[in-house]
Amino acid sequence: SHKFFAEVAEQLETFIKWETEMSFVRKDKATLRDHLKIAAASSINAQLQLIPPELSNLALDMVGLFFDVAANRGSTGFGPAPVSYRQILDWEELRRVELEQWQINMILKADRAYLSTYHELAAKDGN
């Protein structure tokens, strides 16, 4: 059981990092996904980079849950703010659901993956 959830958490983290890298808007106002779509016309490597990491059904559900909870995240003035416990509680109230602790832990893990990837990309891009 613990091994199963660890695998789901790893898949979730890998996907969130990949999606963040693909959708980060760079100084040229384009994303890596935009550049790869253009390059994919002549490059198999670019085509392969556009394929998302494989996800189990549970990890896919957690990706959707994470993006739904994080959709209304705030900003720190230096980039996106972390998902807060208050934001999770508000989401639960709005959706009329009660998340289990492992789901909250995965949301927070996904958020850490998102934020660390975002800030790495921003630093590389000079943002």
If you look for lysine pairs in the chain that are eight or more places apart or on different chains, how many of them have Cα atoms under 15 Å apart?
4
Relative contact order as a percentage, the chain, C-alpha pairs under 8 Å and 6+ apart, gives 34
P(r) for region 16-83: what percent of alpha-carbon pairs falls in each 5 Å bin, starting at zero?
4, 14, 18, 21, 19, 14, 9, 2
Charge tally for neighbours of ARG112 with beta carbon under 14 Å away, counting Lys, Arg as +1 and Asp, Glu as -1, is -1
Whole number in Å², please: accessible area per residue of the chain, 1.4 Å probe, ligands, DNA and RNA not counted.
64
Once you put a point 7 Å from the Cα of SER23 and another 7 Å from the Cα of ASP61, both along the Cβ direction, what distance in nm separates them?
2.1
What is the percent carbon and sulfur in the accessible area of the chain, measuring with a 1.4 Å probe over the protein chains and ignoring ligands?
55
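Going from most exposed to least, what order do GLU98, GLU93 have by accessible area with a 1.4 Å probe?
Heavy-atom accessible area, descending, gives GLU98, GLU93.
Which value in Å is the Kirkwood Rh of region 30-127 over different Cα pairs? Write out the running numbers ahead of the final one.
On the way: mean 1/r = 0.0642 Å⁻¹.
After inverting the mean inverse Cα-Cα distance, the result is 15.6 Å.
The values are calculated or read from the model by the stated rules, or taken from the named source; none is laboratory data. Model, not experiment: these values are computed from the prediction. Neighbour counts are summed over all protein chains in view; Cβ atoms, including those assigned to glycine, are modelled from backbone coordinates with ideal geometry. Areas reflect the complete protein model, heavy atoms only, side chains present, ligands, DNA and RNA absent. Shrake-Rupley method; radii C 1.70, N 1.55, O 1.52, S 1.80 Å.
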